[in-house]
There are 2 protein chains.
Amino acid sequence: MHSIESYTQLIEKEIDSLKIKDEPRNLYDPIKYLLRIGGKRMRPVLSMMSAELFGESPEKALNAGLAIELFHNFSLIHDDIMDNAPLRRGHATVHEKWSDKTAILSGDALFVVAYHYLARNDSKFLTELLHNFSVTVMEVCEGQQMDMDFELRNDVTIEEYIEMIRLKTSVLLGSALEMGAIIAGASMADRKKIYAFGQHVGIAFQLQDDILDLYANPDKFGKQIGGDIIANKKTFLQLKAIELSSEIQLNKLHSLSALENIESKVTQTRQLFDELGIRDLARAEMERHYAIAKESIHAIDVPKERILPLLGIAEYLMNREV
Amino acid sequence: MHSIESYTQLIEKEIDSLKIKDEPRNLYDPIKYLLRIGGKRMRPVLSMMSAELFGESPEKALNAGLAIELFHNFSLIHDDIMDNAPLRRGHATVHEKWSDKTAILSGDALFVVAYHYLARNDSKFLTELLHNFSVTVMEVCEGQQMDMDFELRNDVTIEEYIEMIRLKTSVLLGSALEMGAIIAGASMADRKKIYAFGQHVGIAFQLQDDILDLYANPDKFGKQIGGDIIANKKTFLQLKAIELSSEIQLNKLHSLSALENIESKVTQTRQLFDELGIRDLARAEMERHYAIAKESIHAIDVPKERILPLLGIAEYLMNREV
């Protein structure tokens with residue numbers, strides 16, 4: 001059994017040694033910049049852990065995991081343009097530091113590097129891996145489009161919201177895990193189970209994000225509490241509140257969305273959420289997905305002790321305070 | 001021997017039957033729109049002709065050719081955003097008709113479809129095809145970046161310009177042809193020759209574009225004569241003129257670039273080009289690349305009559321008036 005740190009070290013070493021050319025600078029500098037400002041490398045770690053779960057050496061899943069990680073970074077560059085985001089991992093976003101044009105083209109180039117890493121896999125797995133990757137990437141695009149569409153809509157349902165976060169975030173975790181399984185020669189039934197594990201962990205993770213945004217311990221959170229409310233984001237909390245509100249409460253929610261005093265906006269919205277029991281409902285939905293995730297991984301046909309590291313990661317993600 | 005029309009029909013049929021989903025509409029509608037407004041489908045035709053050249057059934061190269069064609073269309077969507085272009089093939093560009101955001105994301109999705117088609121090839125060719133494709137796509141990105149960089153520079157050399165058009169346009173023709181050769185099991189030596197053919201035809205084609213822009217027969221050209229001069233584009237003609245100008249001529253060129261009367265701007269610039277013999281020099285450079293292209297294809301180890309269709313296409317491209 002390898003430690004997560006040993007996986008992360010291997011991944012960082014591989015990313016450091018990526019042969020990204022120097023010229024044209026405006027094409028390649030942004031790629032180097034984004035890869036240097038880091039991230040947790042959670043996705044390639046999952047690929048490697050999944051390979052090990054199914055009895056394969058984790059290093060075998062490194063190229064596939066890196067493809068996922070590079071794709072993830074590519075999608076951040078393009079999403080940040082679309083979302084007009086100034087910061088990423090505490091640093092200026094690529095389009096802010098350079099320009100929209102540069103961010104579009106550098107993103108495209110990074111996407112190619114992702115496929116290049118995927119193509120380094122043994123040709124006997126290649127068709128399967130490519131299919132899995134392309135389907136997943138397309139779903140992530142769909143999720144991003146739904147997210148943008150939601151900004152302009154006032155009738156988004158909880159089901160649509162869950163589907164959006166599934167596509168935008170969770171399928172990539174599922175795919176990272178399934179790729180490890182493919183490379184380890186796992187059965188189709190086990191591949192589906194590890195994919196389901198990743199997918200439901202991902203949804204639970206996003207719901208936890210929504211909850212923490214408002215209910216985290218301010219001393220530990222490190223970000224402004226209630227950021228989603230201030231930005232009028234349609235999170236699970238908000239959508240659930242709309243669903244359960246009386247007409248009076250709905251009017252209140254509506255007028256709160258226009259309130260300029262952000263402190264009072266957050267406090268009053270939280271009060272209304274508390275009246276409706278939103279936090280517990282969100283927590284219950286999160287627990288439901290976490291339970292499905294655990295059920296899925298327990299059903300995999302491997303010795304029980306092998307699933308412990310992945311279960312540990314899931315448990316850690318569910319109980320984080322940041 | 002199949003006719004070009006029969007290839008084009010097969011390609012159009014395949015593009016018509018692409019299973020592009022309906023929802024989210026803002027993601028998939030732009031893809032359908034761009035694919036419907038057409039194009040000559042020259043690149044997949046080249047892949048199919050190349051397969052046939054090397055004794056393989058041309059249909060075998062259809063998926064690879066489509067991958068190239070879909071990538072080409074993807075790159076048009078993103079290039080049009082970066083170049084702020086309002087029209088493509090006589091229709092509104094995607095970012096004009098929808099928005100920049102939509103064009104970024106739909107482009108990304110179309111790029112995935114391109115890789116999806118490539119992945120439909122026999123797994124024994126897949127590693128080779130993916131490598132070829134990714135290298136080429138990266139070069140096209142480099143070419144686009146150089147093109148954008150050139151707009152802000154005043155010291156672009158002819159060599160840099162030729163390298164830019166090689167990367168931005170010609171490598172994709174070379175790759176389309178080489179993929180057909182890979183699928184037909186051609187030798188590495190022959191693959192290099194057919195690639196060189198495509199690459200030099202591509203450069204010659206672009207030089208022909210530069211010449212036609214100013215020297216085409218206005219009755220046949222269908223576009224404004226001198227469009228590049230009006231837009232102060234750094235074409236081969238312009239760069240060659242700068243290279244050969246005396247100080248007086250250089251000052252003249254410089255002041256012409258700021259002239260508001262476009263008719264007189266075009267006429268006077270052409271006069272100066274004529275004094276310097278620019279048209280003949282451009283034509284000579286074009287002929288030089290065309291000669292290398294012909295030499296490359298003649299050196300391929302196949303019966304001579306098999307190269308005639310590709311030679312015919314090259315000859316047609318070199319003598320076009322539009």
Subject >> DSSP-assigned coil residues among trypsin sites (Lys or Arg not before Pro) in the range A:1-109, each with at most 16 further Cβ atoms within 10 Å >> reply: A:K19, A:K21, A:K40, A:R89
Subject >> Under 16 Å from A:K265, Cα to Cα: lysines that are on another chain or at least 8 residues apart >> reply: A:K233, A:K234, A:K252
Subject >> Tail beyond 26 Å, pair distance distribution of chain A (Cα, percent) >> reply: 51
Subject >> 7 Å along Cα→Cβ, label-point gaps from A:S257 to other copies, nm, shortest first >> reply: 5.1
Original post:
If each Cα of the range B:235-322 is one equal point scatterer, what is log10 of I(q)/I(0) from the Debye formula at q = 0.16 Å⁻¹?
Top reply: -0.73
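Per-residue Cβ counts within 10 Å, from other chains only, averaged over B:79-92: what number is that?
Numbers: counts 3, 0, 5, 6, 1, 1, 0, 0, 0, 0, 0, 0, 0, 0.
What the average comes to for B:79-92 is 1.
Dipole size in debye (nearest 20) for chain A around its Cα centre, Lys and Arg Cβ +1, Asp and Glu Cβ -1?
Rounded to the nearest 20 debye, it is 680 debye.
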Original post:
Given label points at 7 Å from Cα along Cα→Cβ, what nm distances, shortest first, separate B:S57 from the same residue in every other copy?
Top reply: 4.1
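Restricting to DSSP H runs of at least four residues, report the calculated mean residue ellipticity at 222 nm for the protein assembly as shown, -39500 (n - 2.57) per run over all residues, nearest 500 deg cm²/dmol. Working shown, then result.
Details: 34 runs with 468 residues, N = 644.
Computed mean residue ellipticity for the protein assembly as shown: -23500 deg cm²/dmol.
Can you give the net charge of the other residues whose Cβ lies under 14 Å from the Cβ of A:I183, counting K and R as +1 and D and E as -1? Intermediate results must be reported in sequence, preceding the final value.
Values: positive: A:K60, A:R120, A:K124, A:R191; negative: A:E52, A:E56, A:E59, A:D122, A:E128, A:E178, A:D190.
Around A:I183, the charge tally is -3.
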Subject >> Net dipole in debye of the protein assembly as shown [+1 Lys, Arg Cβ; -1 Asp, Glu Cβ; about Cα centre; nearest 20] >> reply: 640
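Please go through the residue pairs A:K21/B:K101; A:K21/A:K101; B:K19/B:K168; A:K124/A:K304 and name each one whose alpha carbons sit more than 21 Å apart in this structure. Before the final figure, lay out the partial values.
Numbers: A:K21/B:K101 28 Å; A:K21/A:K101 19 Å; B:K19/B:K168 29 Å; A:K124/A:K304 29 Å.
Too far apart for the 21 Å limit: A:K21/B:K101; B:K19/B:K168; A:K124/A:K304.
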Original post:
If each Cα of the protein assembly as shown is one equal point scatterer, what is log10 of I(q)/I(0) from the Debye formula at q = 0.11 Å⁻¹?
Top reply: -1.13
**OP:** Report, for B:E163, each distance to the same residue's label point in the other copies, shortest first and in nm; define the point 7 Å along Cα→Cβ.
**Re:** 5.0
Original post:
Once the range A:10-137 is represented by equal point scatterers at the alpha-carbon sites, with solvent omitted, what log10 I(q)/I(0) does the Debye formula produce at q = 0.23 Å⁻¹?
Top reply: -1.38
Original post:
If Lys and Arg each add +1 and Asp and Glu each add -1, what is the summed charge of the other residues whose beta carbon sits under 15 Å from the beta carbon of B:S50?
Top reply: -1
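Find the relative contact order for the range A:1-87 and round it to a whole percent, using C-alpha pairs within less than 8 Å whose residues are 6+ positions apart. List each step's numbers first, then the result.
Working: 51 pairs, mean separation 21.2, N = 87.
Computed value for the range A:1-87: 24 percent relative contact order.
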Subject >> Net charge of neighbours whose Cβ lies under 14 Å from the Cβ of A:L310, counting Lys and Arg as +1 and Asp and Glu as -1 >> reply: -1
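With a cut-off of 8 Å between alpha carbons and a minimum separation of six or more residues, what is the relative contact order of chain B in percent?
Details: 394 pairs, mean separation 56.4, N = 322.
Result for chain B is 18 percent.
When only DSSP loop residues count, what trypsin sites (Lys or Arg not before Pro) in the range B:135-191 have their Cβ near at most 12 other Cβ atoms within 10 Å? If you can, show how the numbers build up before the last one.
On the way: sites: B:R153, B:R166, B:K168, B:R191; in loops: B:R153.
Within the range B:135-191, the qualifying trypsin sites (Lys or Arg not before Pro) (loop, at most 12 other Cβ atoms within 10 Å) are B:R153.
Out of the range A:172-250, which GluC sites (Glu not before Pro) are coil in DSSP terms and have no more than 11 other C-beta atoms within 10 Å? Don't skip to the end; give the middle numbers.
Numbers: sites: A:E178, A:E243, A:E247; in loops: none.
Answer in residue order: no site qualifies.
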Original post:
Can you give the Kirkwood hydrodynamic radius of the range A:146-299 from its Cα pairs, in Å with one decimal?
Top reply: 16.8
Subject >> Most mobile of A:T269, A:T127, A:T235 in a GNM of chain A (Cα contacts under 10 Å) >> reply: A:T127
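Helices from chain A with mean Kyte-Doolittle at least 0.0 and a Cα length along the axis of 20 Å or more, per DSSP H: which?
Working: long enough: A:62-82 (30 Å, 0.70); A:100-118 (27 Å, 0.73); A:123-151 (43 Å, -0.05); A:188-215 (40 Å, -0.05); A:262-276 (21 Å, -0.60); A:278-298 (30 Å, -0.64).
Passing helices, by number: A:62-82, A:100-118.
Only the coordinates and a few stated rules stand behind these numbers; no lab work does. Because the structure is a prediction, the values reported are computed rather than measured. Ideal geometry is used to build each Cβ from the backbone, glycine not excepted, and the neighbour counts take in all protein chains shown.
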